[in-house]
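The values are calculated or read from the model by the stated rules, or taken from the named source; none is laboratory data. The model shown is predicted, which means the values in this text are computed figures rather than measured ones. Because the Cβ atoms are built from the backbone with ideal geometry, glycine has one as well, and the counts that use them run over all protein chains shown. With ligands, DNA and RNA removed, areas are computed over all heavy atoms of the protein, side chains included. Shrake-Rupley method; radii C 1.70, N 1.55, O 1.52, S 1.80 Å.
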Amino acid sequence: MTPEQYVQDKAAASGSSFYYAFLFLPKPRRAAITAFYAFCREIDDVVDEVSDPGVAATKLAWWRTEVAQSFSGPPRHPVMQALVPHAAAYGIEPGQLNEVIDGCQMDLDQTRYLDFPGLARYCHLVAGVVGEVAARIFGQTDPQTTAYAHKLGLALQLTNIIRDVGEDALRGRIYLPVNELQKFDVKAHEILNRVHSERFVALMKFQAERAHAAYDEALALLPAADRRAQKPGLMMASIYRTLLREIERDDFQVLNQRVSLTPVRKFWLAWKVQALGRI
């Protein structure tokens, strides 16, 4: 199997909405973003699929070494073999890849966030930096687009957190800030035991409003000059915001089920952005 086939299989197998946004890109950009996304999946899987924190930490340390090795000599892992040839063309830097690793390291080091600024730092590492790299690959020409990419990354990650509250609880993780749980009188043990209540719904409405505000801010930050090039990001915004609205309509039944969109609906939403140029 070639490195290119490896990363293609990794991206497709994840079932992520990102895959649908990549379909409309020219081949070189599609190859670059697929390799980068596969890198992100590899790092994320270390935390989600390795039950022993010590083993997971060792694997993340190996990835840091692999990133350094790949930018100074021949890469060993097929993901890096697929990604590094695109690094110079799209300004992909080792520091950005290490920040993604830093974000996943946070998942090993803490399972709670005291307040939103702490959570926002985590979101920056696992989503904002990803958005920054992706924007360059898509064809960024205006420096202001970086601010848009960071804000959109925050919006997407907040949507992920809302969708995955129940699944994260099964792993003993609560990403919702502690001081906001206290504000709505929701106890940590209620979330860990996946107890749905009016208080929980009120808490989640607050989280959804913040996510919607981040989408609005991101769209307002996107310069007109880069709007066409950044269509894949707009596709992601359309898919994820539609998902968020489905969760809201379902009264935030996220503790005991995973709300998702069908592949056909994701493709339709992506195609509409491609055809119309707007969400």
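May I ask you to verify whether ALA127 is open to solvent by less than 50 Å² (accessible area, probe 1.4 Å), in contact with a Gly (Cβ under 8 Å, 6 or more places away or on another chain) and part of a helix (DSSP H, G or I)? Break it down stepwise before answering.
Numbers: open to solvent by less than 50 Å² (accessible area, probe 1.4 Å): yes; in contact with a Gly (Cβ under 8 Å, 6 or more places away or on another chain): yes; part of a helix (DSSP H, G or I): yes.
Against the criterion (open to solvent by less than 50 Å² (accessible area, probe 1.4 Å), in contact with a Gly (Cβ under 8 Å, 6 or more places away or on another chain) and part of a helix (DSSP H, G or I)), ALA127 qualifies.
It is to be established whether one or more residues within segment 229-244 are touching a helix residue (DSSP H, G or I) at 6+ places or on another chain (Cβ under 9 Å), more than 19 Å from ALA155 (Cα to Cα), open to solvent by 20 Å² or more (accessible area, probe 1.4 Å) and not in a loop (DSSP other than H, G, I, E, B). Scanning segment 229-244, I find no residue that is touching a helix residue (DSSP H, G or I) at 6+ places or on another chain (Cβ under 9 Å), more than 19 Å from ALA155 (Cα to Cα), open to solvent by 20 Å² or more (accessible area, probe 1.4 Å) and not in a loop (DSSP other than H, G, I, E, B), so the answer is no.
Please determine whether any residue of segment 24-41 is farther than 21 Å from GLN230 by Cβ and either open to solvent by 50 Å² or more (accessible area, probe 1.4 Å) or not assigned by the TED database to the domain that holds ASN98 (or both). Yes, that holds for at least one residue. Within segment 42-51, being under 18 Å from the mean Cα position of the chain (by Cα) and either open to solvent by less than 50 Å² (accessible area, probe 1.4 Å) or over 20 Å from CYS104 (Cα atoms) (or both) holds for GLU42, ILE43, ASP44, ASP45, VAL46, VAL47.
Number of residues in segment 130-142 that are open to solvent by 10 Å² or more (accessible area, probe 1.4 Å) and either on the phi < 0 side of the Ramachandran plot or not assigned by the TED database to the domain that holds ALA229 (or both): the value is 9.
Filter segment 143-153 for residues that are open to solvent by less than 50 Å² (accessible area, probe 1.4 Å) and more than 18 Å from TYR240 (Cβ to Cβ); which is farthest from the chain's Cα centre (by Cα)? Even if it seems obvious, please write down each step before you answer.
The first filter runs over segment 143-153 and keeps only residues open to solvent by less than 50 Å² (accessible area, probe 1.4 Å), leaving 145-149, 152-153.
Narrowing further to those that are more than 18 Å from TYR240 (Cβ to Cβ): 145-147.
Values: THR145: 18, THR146: 16, ALA147: 16 Å.
Checking each candidate, the answer is THR145.
Taken over segment 161-184, residues that are under 18 Å from the mean Cα position of the chain (by Cα) and open to solvent by less than 30 Å² (accessible area, probe 1.4 Å) amount to 10. Screening LYS187 against (1) open to solvent by less than 50 Å² (accessible area, probe 1.4 Å); (2) more than 16 Å from ALA127 (Cβ to Cβ) leaves a single unmet condition, (1). Exactly one residue among PHE18, PHE24, PHE116, PHE71 is of a type in the set (Phe, Trp, Tyr), over 14 Å from the mean Cα position of the chain (by Cα) and closer than 19 Å to ALA135 by Cα, and that residue is PHE24.
Take GLN69 and tell me if it is open to solvent by 10 Å² or more (accessible area, probe 1.4 Å) and more than 20 Å from GLU93 (Cα to Cα). Give the derivation first.
Details: open to solvent by 10 Å² or more (accessible area, probe 1.4 Å): yes; more than 20 Å from GLU93 (Cα to Cα): no.
Considered against the rule, which asks whether it is open to solvent by 10 Å² or more (accessible area, probe 1.4 Å) and more than 20 Å from GLU93 (Cα to Cα), GLN69 comes out as no.
Residue-level check: of (1) open to solvent by less than 60 Å² (accessible area, probe 1.4 Å); (2) in contact (Cβ under 8 Å) with a residue 40 or more places away in the chain, ALA11 misses just (2).
Being within 20 Å of VAL130 (Cβ to Cβ) and out of contact with any Pro (no Cβ under 8 Å at 6 or more places or on another chain), is that true of even one residue in segment 243-261? The answer is yes; a qualifying residue exists. Residues that are in contact with a helix residue (DSSP H, G or I) (Cβ under 6 Å, 6 or more places away or on another chain), part of a loop (DSSP other than H, G, I, E, B) and farther than 18 Å from LEU114 by Cβ within segment 171-212 comprise just one, ARG194.
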